[in-house]
1. In bins 5 Å wide, starting from 0, what share of all Cα pairs of the chain does each bin hold, as a percent?
2. Give a residue-ordered list of calculated ³J(HN,Hα) values for the range 95-106 (Karplus: 6.51 cos²θ - 1.76 cosθ + 1.60, θ = phi - 60°; whole Hz; x for Gly, Pro).
3. Have a look at 106, 62, 155 and tell me which one the Gaussian network model of the chain (Cα, springs below 10 Å) gives the largest fluctuation.
4. Using the basic label-point model (7 angstrom from Cα toward the beta carbon), what is the residue 172 to residue 100 distance in nanometres?
5. Could you work out the helix-only [θ] at 222 nm for the chain, with each DSSP H run of four or more residues adding -39,500 (n - 2.57) and the total divided by the number of residues, to the nearest 500 deg cm²/dmol?
6. Run the quick spin-label model on residue 148 and residue 130: label points 7 Å from Cα toward the beta carbon, then report their separation in nm to one decimal.
7. Under Stokes-Einstein, with the Kirkwood radius over Cα pairs standing in for Rh, what whole-number D in µm²/s applies to the range 1-93 at 20 °C and 1.002 mPa s?
8. Given labels modelled 7 Å from the Cα in the Cβ direction, how far is it in nm from residue 16 to residue 2?
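None of the figures in this text is laboratory data; all of them are computed from the coordinates on show. Computed from a predicted structure; not experimentally measured. So basically every Cβ, Gly included, is an ideal-geometry build from the backbone, and we count neighbours across all protein chains shown.
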Amino acid sequence: RMELHLFGGFRDDKGTSEGLSIKLLTAFNNLPEEIHLQTACITDINNTKKGSTNFPVIYGIVIHLNSGEIQKATFLDRGPDQPIRSARHFTGSEEIINIYDHKKGVLSIGPFNYSTMDEIDLLCRLPDQFIREHLSTSPEQEPAHFEDAVRAALVQIRDHPKPLQTVFKEGKPRQYKLEANGAWTRCN
């Protein structure tokens, strides 16, 4: 039996979380497998106020597979090739894709293309405050690493304007396995 637990999003000013939640639910509903929704701590349910500002209650979770216990968590490691994965979204892709094959234990990224941006050199040099204020859907709620992650994605776009040629050689995805020590190892 495949069970689904959704956490994330909140009552953001632009309604981005609600739209994304609907896309996620639709994507899971369209899968051929029968999926049992166990938890949906999303949007309004995952919302708290600090003063007059909305914030998510939970930014991340961990599920202990043996016991089924769910706990709030923060993650220092966001997986391999985060700048490549982020560049895809920064350049306009809204498609939600599953990059992890749980049967094979393989995380697979791409291949995909993205378009470059005008003034990419300038964007890579923007100060942190500008990045937070203008490149976030929810500036007040972003974690401390937000600016570094955005800048890394912008540098990815600048340094690899044709990812199908320079990142995904021969049109192949970049695949990784998670080792017992917690490190991701490239397997292709």
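1. Computed distribution, short to long bins: 1, 7, 12, 16, 19, 19, 15, 8, 3, 1, 0.
2. Once rounded to whole Hz, the list reads 5, 8, 10, 8, 9, 10, 9, 5, 6, 8, x, 10.
3. With Cα springs under 10 Å in the chain, the top fluctuation among 106, 62, 155 is at 62.
4. 2.4 nm
5. -8000 deg cm²/dmol
6. Result for the modelled spin labels: 2.1 nm.
7. Estimated diffusion coefficient is 141 µm²/s.
8. Result: 2.8 nm between the two label points.
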